[in-house]
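Below: the structure, in structure tokens.
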Amino acid sequence: MTQSFDAALQAFAPALPLAVALSGGADSTALLLACARRWPGQVRAIHVHHGLQAAADGFEQHCTALCQRLDVPLVVQRLDARHVPGQSPEDAARQARYQAFEAFARDHIQGIAVKSIAIAQHADDQAETLLLALSRGAGVAGLAAMPARWERAGIVWHRPLLQVAGADVRHWLRAQGQAWVEDPTNIDERFTRNRIRAQLLPALDAAFPSFRDTFARSADNAAQAAELLHELAQQDLALVGVPPLIKALQGLSRARQANVLRHWLRQAHHTTPAAAQLGELLDQIHACTTRGHQIHIKVGRGFVVRSGPGIDWFSP
């Protein structure tokens, strides 16, 4: 169920010290303000300067002024977030941000190691993420959208506002008399997420006012299904071996073959096959009944090839 901003913050109980990812927008400004008031002296902030637009310097100035007023230590990370061919600018910027957050967490800020990082994404962001995943034909892992809590590299990450409507975050911030900065790219409808925000969410709000709750339940169900598939993939990978043996793969159903191959490629080689690539690979595994049958299929930036009784992946 959606929560009020105050209820969400009351339920938030991170390990301290806490770092807040601060963009300067309404959501992260509200989160930092609330956390700094609740845990004085235990909160730090990190701002990522992407250098992708002229307004970026203004974002940094806002964050600096806010943190000075709240007596919150601020670290500014300047990054080159330019995207590579085949990657969207949004994905490149997001990956750069998370890399900066992880680097920040590994360091000691003013002699204190950060134990938790909070990110200010809210219920509208979750709905946008789910719709974006649907538009791309994502599987259950993509439909799981964003988790409220996860651990990586010894740091606990939180999204404490994930059940708060975006309008409620801004309403709370206005009540505090606190200004924020608007990112001009958020209204650029050349980006799919922005079209979803501007066109689909208002229509959903009018037709299905409880869509944030129902979407959140669907994302939770998808997350549980993704966890089960992950556990099954681990079991099947132990069965087929690393690298996988063709005969062992042929003993599995096509769906389990697809699941374990995705898992193997992602875990062992940090690559994910496109649907067409995976389908072709499954067809070749099914057809592989003689020693002379060759497999050579492009997957990601490399190739899956037959290697003796099994298959392997290599990057030229």
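Select from Pro73, Ala276, Gln176 the residue farthest towards the positive end of the dipole of the chain; place +1 on Cβ of Lys and Arg, -1 on Cβ of Asp and Glu, and compute about the Cα centre. The residue sitting most towards the positive pole is Ala276.
From the alpha carbon centroid of segment 1-63 to that of segment 187-225 is 23 Å. Exposed loop sites are taken as GluC sites (Glu not before Pro) in a DSSP loop (any state but H, G, I, E or B) with at most 15 other beta carbon atoms within 10 Å; the longest stretch of the chain without one runs 1-181. Kirkwood radius for segment 241-314, taken over all pairs of different Cα atoms as the inverse mean of 1/r, rounds to 12.0 Å. For the chain, the alpha carbon convex hull comes to 153 Å³ per residue, rounded to a whole number. Just in segment 220-307: which trypsin sites (Lys or Arg not before Pro) are loop by DSSP and have at most 13 other Cβ atoms within 10 Å? Taking segment 220-307 and a limit of 13 other Cβ atoms within 10 Å, the loop trypsin sites (Lys or Arg not before Pro) found are Arg291, Arg301.
Read the figures in this text as sums done on the coordinates, not as results from a lab. Nothing here was measured: the structure is a model prediction, and the numbers come from that model. Note: ideal-geometry Cβ built from the backbone for every residue, glycine included; neighbour counts use all protein chains shown.
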